[in-house]
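The values are calculated or read from the model by the stated rules, or taken from the named source; none is laboratory data. Source: prediction; values computed, not measured. Cβ coordinates were reconstructed from backbone atoms using ideal geometry, including for glycine residues, and neighbour counts include every protein chain displayed.
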Amino acid sequence: MTIVDAHTHISNVKERFAPIYALAERLGYSQLTVMSLQCAGRLTQNAICALCKALNPKTTYAFGGLDYVTGRDFAAQAKNLRAMGFDGMKMLEGKPTTRALLGNALDDQKYDGYYGFLEETAFPVVLHVADPPEFWDKDKVPSWAVEHGWFYGEGDHAPVNQYYDEVENMLRKHPKLRAIFAHFFFLSGEPARAQKFLDDHPLVSIDVTAGIEMYENFSIDPAFWRVFFVKNSHRIIFGTDSSDQALDESGDEVDISGYAAMEIDFLRYDKPITVYDKKLHGLGLPESAQRRIFSENYHALVGKTPRPIDIPAMIAEAVLLRGYLKTDEDRQTMDTIVSQLKEMEG
């Protein structure tokens, strides 16, 4: 069965992204999508994703991100990235930490032209909106989330439902947006609300990228969720949030396949699944539903073949962004990317 991992992240230029492809080979992926985190100030990310795609053109899709330093119009940025060969856009702007950095609501009018361009061109966008609702509750937030700075129940963070209100307003203004909401839109604890969202917005999709809390919620009542997944199998997209980081801080190799393997087994098998310290239970979906979720829905949105990277255009973009980089490490990374792209160009 064809499997497309529609949600991965990369940064390992030194190893030319080898760990993410080793994972794909172990788990039987046919294709994968690399997601840029450019919007969070990581100005090498679009170039990194473009290089990865150029090195692996038949198997790799790339979703680009907006930058907030060059002053360029958002719609023009999306048009430029599409022309360079990106397959869609990735927005981390809806994660509370990124929102605190940028200060923009998701339905801010400054995005209207950008969303309009995505509508007109049917250019898909993956959005991370909010976070698990317990991250706003001091009595329920996990300690590891607090350690990452992901407790939002104090300070100037917007309440969790404000994010959903902004999305509803955004989709009222832009109903033809081909939007994919990552991490099940963080609604695995509210299935009726998740169903209403899908019913109200027939062109949107949700992905099943962990958030482990999502799979814990699914495992409470697998029979219910099996029915939900079959009913909505044309609206759900597979992804893992895997990365290409093969080494931990001590330099030791780490297992990057744990959740990814679980996510495949969860859809395939009606059986208990143990991942790390979590006791989960798979859904055992019928093959027709599996095919839609693993690849067909994604291919219907993005195409069966990744778009080719315009290498000269990407080199020009990388050179432009190099002038905004603040660290020697980032400048060296960008220089490496440009050098490798020029080798392919020549």
Hey, any hits in region 53-71 for a residue that's farther than 20 Å from VAL338 by Cα and of a type in the set (Asp, Glu)? no
Only listed residue being of a type in the set (Gly, Ala, Ser), farther than 25 Å from GLY303 by Cα and out of contact with any Asp or Glu (no Cβ under 6 Å at 6 or more places or on another chain), chosen from ALA100, ALA18: ALA100
Go through region 133-187 and report how many residues are among the aliphatic types (A, V, I, L, M) and under 30 Å from GLY303 (Cα atoms). 8
Pick out the one residue from THR97, THR59, THR70 that is more than 29 Å from HIS148 (Cβ to Cβ), surrounded by fewer than 24 Cβ atoms within 10 Å (Cβ to Cβ) and not small (Gly, Ala, Ser). THR59
Does ARG292 satisfy the criteria of being crowded, with 17+ Cβ neighbours inside 10 Å, at pLDDT 95 or above and either among the charged types (D, E, K, R) or more than 30 Å from LEU203 (Cα to Cα) (or both)? yes
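Yes/no matrix, rows are residues, columns are (1) closer than 28 Å to ASP112 by Cβ; (2) more than 13 Å from the chain's Cα centre (by Cα); (3) among the charged types (D, E, K, R):
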residue	(1), (2), (3)
ALA179	yes, no, no
GLY189	no, yes, no
THR209	yes, no, no
GLU216	no, yes, yes
PRO222	no, yes, no
PHE228	no, yes, no
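Looking only at residues in region 262-289 that are assigned to a loop (DSSP other than H, G, I, E, B) and surrounded by fewer than 18 Cβ atoms within 10 Å (Cβ to Cβ), which one is modelled with the lowest pLDDT?
Quick first cut of region 262-289, residues assigned to a loop (DSSP other than H, G, I, E, B) only: 269-271, 276-277, 282-286.
With the extra rule that they be surrounded by fewer than 18 Cβ atoms within 10 Å (Cβ to Cβ), the set shrinks to 269-271, 276-277, 284, 286.
Working: TYR269: 95, ASP270: 96, LYS271: 94, TYR276: 78, ASP277: 81, GLY284: 97, PRO286: 98.
The extreme case among them is TYR276.
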How about region 120-141: which of its residues are closer than 29 Å to LEU81 by Cβ and surrounded by 18 or more Cβ atoms within 10 Å (Cβ to Cβ)? PHE123, PRO124, VAL125, VAL126, LEU127, HIS128, VAL129, ALA130, ASP131
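Any idea which residue in region 56-93 is farthest from GLY303 (Cα to Cα), counting only those that are among the aromatic types (Phe, Trp, Tyr) and part of a strand (DSSP E or B)?
Restricting to residues being among the aromatic types (Phe, Trp, Tyr) and part of a strand (DSSP E or B), the top hit is PHE63.
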Answer yes or no as to whether ASP131 is of a type in the set (Asp, Glu), touching a residue at least 12 places away in the same chain (Cβ under 8 Å) and either more than 27 Å from ARG307 (Cα to Cα) or not in a helix (DSSP H, G or I) (or both). yes
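Have a look at ALA75, ALA6 and point out the one that is buried (at least 24 other Cβ atoms within 10 Å of the Cβ) and either closer than 23 Å to ALA313 by Cβ or modelled with pLDDT of 95 or more (or both).
Numbers: ALA75 fails: buried (at least 24 other Cβ atoms within 10 Å of the Cβ).
Only one candidate qualifies: ALA6.
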Output for region 13-47, where each listed residue is among the β-branched types (Val, Ile, Thr), in contact with a strand residue (DSSP E or B) (Cβ under 8 Å, 6 or more places away or on another chain) and either surrounded by fewer than 23 Cβ atoms within 10 Å (Cβ to Cβ) or in a helix (DSSP H, G or I) (or both): ILE20
Among (1) part of a helix (DSSP H, G or I); (2) small (Gly, Ala, Ser); (3) within 24 Å of ASP277 (Cβ to Cβ), ALA223 falls short only on (3)
